[in-house]
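Chemist: One structure, pasted below without further comment.
The values are calculated or read from the model by the stated rules, or taken from the named source; none is laboratory data. Everything quoted here is computed from the prediction, not taken from an experiment. Note that we place each Cβ from the backbone using ideal geometry, even for glycine, and neighbour counts take in every protein chain shown.
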Amino acid sequence: MLLKDLSLICAVIAFSSVASAATATTKAKAAAPAPSPSPSQAVPAPIIPLPPFNGTFANPYPPQFTIAATNTPLVAQWLKELNMTAVPNFPVVPFTAGGDPSNPKAIPADACDWTETNCINKDIIQCPKGVWGLTYDDGPTEFSEQLYNALDKTDQKATLFYIGSNVLQNWQAARRACGAGHQIAVHTWSHHPSTSLTNEQFVAEIKYTELAIKELCGFTPTYFRPPYGDIDNRIRGLLTQMGYTSVIWDLDTNDWMMAPGGQRTMAQVDQAFDQWIAAAPKDTTGHICLEHELYQNTVDAAIANLPRLQQTWKTMPVSACVNDPHPYKEHNITLATMNGAVAGVNNNPNSTTGTNTTGGSNTTVPTTAGKKNTAATLTTAGLSTLLAVVVMALSHL
Ligand SMILES: [Zn+2]
């Protein structure tokens, strides 16, 4: 069976379980909020300074894990900012209650639907040869701190595709990841298939998630991963209007089929990594792999397999492997890249010197565990950032 077929089947299963289970979970936690999990190790001081946050989100957000409503002043304002006439006019794809496209054969070929045809159009699906794009979806969750602890042990950064509803639910973990210099990206508000949403619904799903991250972390993501990889040219057109780059994947651990999402075992996930590692010497490209911080099992699998990924590839966030030092709309924030950009925040974009106020002398965020970037490999953007590691005071963000 082809990978894409497996992905679709798993996506359908995951959609059903996530949609129903998540709703139930949200309701349960609303009645009796769970305490934030205590990290089992000291959390390093933030490298990207964060704005003050008192635990209460100021903006009005949709109910968690429900499709974001469009009849709100905020959505009206966001829609006004977009040129909707530039968005390709492909039909909304009807889905069954089980999360399956009702009539996949009716999807036009020129819609370039990835789930049905693996069609790519400007989407990022791989990193360069020798590089492994580390991505974890569906967070932040109650299990995220364990993953972030493991990443911190080797100063490893990753791309985290966040669900807006989960950002509200597990904001402490999100704050930690934002400050640590991980690449934070958007994975919709309610985790429904993108092509099943109207233009207005999709805009609302992105923008509410973006707003929550901005409120919590002070920056605005520009990378997006479609739930289930469900994307077509209509969705891509909306993403372009909102300033987003879409990221899919070329390798899938299918970890989201682990319990309680399904029957996949740790051994099966390990075997998938075994095969990719064995094939690595003959690779002609690098990879972007789909993993999740969704369940205890997926986090366990991620932590267990991280060291051997680091031994086989240069492991880094997606923005790093495509050498984008500015994966947020706030270009005074820089994240590390493969070709040497150094993470930091510049309070004055025209300044070339400054003072690090985060309490440490090293504000570099290495993209690869154990391999610090050096000035010798800096790009123009990286060099200017290195010289201008002026870390903002919290009140400035
Ligand atoms: Zn997802």
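Chemist: Sort out which residues of region 245-268 are farther than 18 Å from Leu306 by Cβ, among the hydrophobic types (A, V, I, L, M, F, W, C) and within 14 Å of the ligand (Cβ to nearest atom), and write them in order of number.
Modeler: Passing the criteria: Val247, Ile248, Met257.
Chemist: Another question about this same structure. Name, by its number, the condition in (1) surrounded by fewer than 17 Cβ atoms within 10 Å (Cβ to Cβ); (2) part of a loop (DSSP other than H, G, I, E, B); (3) outside the structural domain of Phe202 (by TED's automatic domain parsing) that does not hold for Pro128.
Modeler: (3)
Chemist: Right, next: List pairs: first residue in region 225-249 and closer than 14 Å to Thr198 by Cβ, second residue within 14 Å of the ligand (Cβ to nearest atom) anywhere in the structure, Cβ distance under 6 angstrom, at least six positions apart or on different chains.
Modeler: Ile235/Ser194
Chemist: Filtering region 153-202 down to residues that are among the β-branched types (Val, Ile, Thr) and more than 16 Å from the ligand (Cβ to nearest atom), which residue is surrounded by the fewest Cβ atoms within 10 Å (Cβ to Cβ)?
Modeler: So the residue we want is Thr198.
Chemist: Here's a check for you: in region 214-235, which residue that is away from the ligand (no atom under 16 Å from the Cβ) and closer than 24 Å to Glu330 by Cβ is nearest to the chain's Cα centre (by Cα)?
Modeler: Selected residue: Thr222.
Chemist: Can you list residue pairs whose Cβ atoms sit under 9 Å apart, with the first residue in region 298-321 being in the same structural domain as Gln271 (by TED's automatic domain parsing) and within 14 Å of Thr135 (Cα to Cα) and the second being part of a helix (DSSP H, G or I) and of a type in the set (Asp, Glu)? Count only pairs 6 or more apart in sequence or on different chains.
Modeler: Thr298/Asp255; Ala301/Asp255; Ala301/Asp270; Ala302/Asp255; Asn305/Asp270
Chemist: Which residues, taken from region 241-271, are surrounded by fewer than 17 Cβ atoms within 10 Å (Cβ to Cβ) and among the β-branched types (Val, Ile, Thr)?
Modeler: Thr265
Chemist: Which of the numbered conditions does Gln311 fail, given that it passes all the others? Conditions: (1) within 22 Å of Trp256 (Cβ to Cβ); (2) in a helix (DSSP H, G or I); (3) more than 16 Å from the ligand (Cβ to nearest atom).
Modeler: (1)
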